[in-house]
1. Kindly evaluate V545 against the criterion of being within 17 Å of T467 (Cβ to Cβ) and at pLDDT 95 or above.
2. Just give me the residues in the range 13-57 being part of a strand (DSSP E or B), open to solvent by 20 Å² or more (accessible area, probe 1.4 Å) and farther than 21 Å from Q182 by Cβ, in sequence order.
3. Among the candidates A243, A239, A234, A247, which residue alone is in a helix (DSSP H, G or I), under 23 Å from S338 (Cβ atoms) and open to solvent by less than 40 Å² (accessible area, probe 1.4 Å)?
4. State all residues of the range 504-527 that are free of Cβ contacts under 8 Å to residues at least 40 places away in the same chain and over 14 Å from L600 (Cβ atoms); if no residue qualifies, say none.
5. Taking the condition of a type in the set (S, T, Y) and open to solvent by less than 10 Å² (accessible area, probe 1.4 Å), does S328 pass?
6. Condition first: more than 13 Å from the chain's Cα centre (by Cα) and more than 30 Å from E276 (Cα to Cα). Can you find one or more residues in the range 239-257 that meet it?
7. Among (1) in contact with a Leu (Cβ under 9 Å, 6 or more places away or on another chain); (2) polar (S, T, N, Q); (3) modelled with pLDDT under 75; (4) open to solvent by 60 Å² or more (accessible area, probe 1.4 Å), which single condition is T81 missing?
8. Would you please name the residue that is most open to solvent (accessible area, probe 1.4 Å), looking only at residues in the range 347-402 that are of a type in the set (V, I, T) and modelled with pLDDT of 90 or more?
Amino acid sequence: MLGEDDPYVGPIEPVLCSLHPEDYPGLRLHLAEAFAADGPFSSGHRLRTPGGYRWVEVRGSVMGGADGGPRRLRGVVSDVTEASDLRLSLARQAEEVEALVIVIDDEWRLVYCNAPSETLFRRPRAEILGRPLHALLPEARSHGWGRHLFAALQERRVQSFTLHVPDDDRWFRVSAYPRRDQMLLFCLDITDERERDARLREAAQVAAAQQARIQLLTAALAESLTVHEVVRAARRLPAVCGADGLAVGLIQDGRLRVVGHAGYPPRAASAYPVWELDDDAPFVEAVRRRSAFAITSREEYMRRYPHLGELAGAAGKQAWVFLPLVASGEVVGTAVLSYNRQREFDADDYRLFGQLRALLARALHRARRYDDEHAMSAGLQRGLLPGRPARIAGLTVATRYIPATVGMQVGGDWHDVISLPGGRVGLVIGDVQGHGVDAAAIMGMLRTAVLAYAVEGHEPAEVVRRTNALTAGLGTDLFATCAYVEFDPGTGRAVVVRAGHQHPAVLGRAGVRLVDVPGGLPLGIDTDARYPATELALERGDVLVLCTDGLVESRGLSLDEGVAWMLETLEHGRGMTPDGLAGHLIARRTGELGDDIALLLARYDGIAE
């Protein structure tokens, strides 16, 4: 093994010099321990031979010298390079792996470490072996290494944990394997893995937050009915894609009109409110292109649109994305996302922009149709509802019509005051089921029908019966409720006919009460329906109250609760004029209006003789 043909007798230094330089400190430590304890000795090392390094195992014991002479170490050195000894085989393999392999004894001193371990301790192996672990890694004690290693030694079971080395911000996954009076530490550098996992977690959190914002935006747009509501909901859009500003333009009458913005100073936002579709401007170029495009810097903006330099400067933006809003094959407008810094946009950005512009385009397309229909319905209803009630001797009348605040669609509620022969008056309150143009149109026909039949001189029950037959013959799925009162101001006598409508109320000297009036089916359900008439006598000063269910029903308020509230409010308004009492009822009505309100109040004053 030593390359000598004859037995070698001489100093040990030549033998020690044949050891691998990295193994010398370990052998020296083991020798010192053996001589200190006068005990057995065993160690494995690499020995340089003419054929290269060989693995050898040294086994021996320290023997006392005769007559107090020097002690000696006697033993056997065996070549185990090809042996199947597991410990030495693992030691050889440990030099070839990238992981850190460390062996410590029961006093926490390093008795072995492979070459990669030098990177952990930041010093060569010759300075590592024999030193306590806590002296080499002070942070090991503060980060709980000792607790885990002690548990491994005491419980004789494998312990796994992570170690952070703050000096160079590295992380290791450590597995500790106890073996009699030693312990093997297998340390795998997981710094890159942790950084990759951190990036993935951060990306997942960003994606989750972005998806949550998209869901909120989608819900807000879905709940928006008018263009104004859609634009208000769209202000969430910059937060979804990290933009700093938003402008929304809608094509109206052949022009692109800015209908909303966020993140722009007032001067910049109001500088160009309307664009012609053939203007040389990116806002309308998106309409012509029908595809999204970006301008990634102020310099590029000025190069492409030098005549709009003032606009770019006033806005203070550095990058823009122009999104045409296309729904059902029609370009309804443009959305512009702007950024306060220069930036490039990749394929993922454009996929997100495509999703967002589709959401906004559909919402605007739907809202614009709704606004058009609402304007048409409102105009129709304004033309169909009566103006101020005529002055009638012996009667003071006040009316109100309040549209719903939820939905903003025109309803079919109506009221009317009809002058009849002989000084009599017809009082009408009605409510067509549903909202929109159809409901407003049906309402107009029913109002005209009641007016015509009443003026012809028919009895109240016949007026309602004929109106019902007319409604049933219209071929519509809509129906209506109605209350018709024929009142004689000379006598205070009233005849009430009710077709599925709310009962009237009377505010009198004795208090406020709901008048129980037998009624028939709503109009339009049964052509042959009959409607009973009920006589009612009013005293001077009594106020007859007719209303639609929008006044007494709402979300969270049942009909019975609403009627009780109305009667209480009427009592509270005792002494007011009919007009004041109507305003008092409307003012005290709190919360969102889920339905229209039609209200008619008539005070019997009597005719002076």
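The values are calculated or read from the model by the stated rules, or taken from the named source; none is laboratory data. None of these values were measured; they are calculated from a predicted model. Cβ atoms come from the backbone with ideal geometry, glycine included; neighbour counts cover every protein chain shown. All accessible areas refer to the heavy atoms of the entire protein, side chains included, with ligands and DNA or RNA removed. Shrake-Rupley method; radii C 1.70, N 1.55, O 1.52, S 1.80 Å.
1. Here the answer is no, as V545 does not meet what is asked.
2. R48, T49, G52, Y53, R54
3. None of the others qualify; the one that does is A234.
4. Answer for the range 504-527, where residues must be free of Cβ contacts under 8 Å to residues at least 40 places away in the same chain and over 14 Å from L600 (Cβ atoms): G508, R509, A510, V515, D516, V517, P518, G519.
5. no
6. Checking the range 239-257: not a single residue is more than 13 Å from the chain's Cα centre (by Cα) and more than 30 Å from E276 (Cα to Cα).
7. Evaluating T81 over (1) in contact with a Leu (Cβ under 9 Å, 6 or more places away or on another chain); (2) polar (S, T, N, Q); (3) modelled with pLDDT under 75; (4) open to solvent by 60 Å² or more (accessible area, probe 1.4 Å) leaves (4) as the failure.
8. T396
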